[in-house]
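One structure is given here, and the rest of the page talks about it.
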Amino acid sequence: MPKIKTNRSAAKRFSKTGSGKLKRMKAYKSHILTKKSTKRKRNLRKSTLADATNVKQMKKILPYL
């Protein structure tokens, strides 16, 4: 059996926590920041966990994460 290739774009966006969950950064923090409140931008800095509905697909394209 050949090795499974890791999806490199996904590998840069997701990391695994100690308990095996997938961690990701929040979206909407790249541009058009002037109309967003300071509180909203501050909350977008924090990381969050990937939704449970996507985890099965993500583990398939990130086999060695």
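Given the -39500 (n - 2.57) contribution per DSSP H run of 4+ residues, what per-residue ellipticity at 222 nm results for the chain, rounded to the nearest 500 deg cm²/dmol?
About -9500 deg cm²/dmol.
Which entries of Lys36/Lys59; Lys5/Lys26; Lys5/Lys60; Lys23/Lys56; Lys36/Lys56 show an alpha-carbon separation above 22 angstrom in the structure shown? Walk me through the numbers on the way to the answer.
Details: Lys36/Lys59 33 Å; Lys5/Lys26 26 Å; Lys5/Lys60 10 Å; Lys23/Lys56 14 Å; Lys36/Lys56 33 Å.
As for pairs spanning more than 22 Å Cα to Cα, those are Lys36/Lys59; Lys5/Lys26; Lys36/Lys56.
Could you work out how far helix 52-61 tilts from the main Cα principal axis of the chain, as a 0 to 90 degree angle to the nearest 10?
Taking the Cα atoms of the chain, the angle to 52-61 is about 50 degrees.
Can you list the HN-Hα couplings for the range 8-21, worked out from phi with the Karplus curve (6.51, -1.76, 1.60; θ = phi - 60°), rounded to whole Hz and with x for Gly and Pro?
5, 5, 6, 5, 6, 9, 10, 9, 9, 8, x, 8, x, 7
Looking at (i) 5.7; (ii) 3.6; (iii) 4.6, which value of mean projected area of the Cα convex hull in nm² comes from a calculation on the structure shown?
(i)
Using per-residue counts of other Cβ atoms within 10 Å, averaged over each peptide, order 56-63, 33-40 from highest down.
56-63, 33-40
Computed from the coordinates by the stated procedures, all read-outs in this text should not be read as laboratory data. Please read all numbers here as calculations on a predicted model, not as lab measurements. A quick note on method: Cβ atoms are made from the backbone with ideal geometry, for glycine too, and the neighbour counts reach across all protein chains shown.
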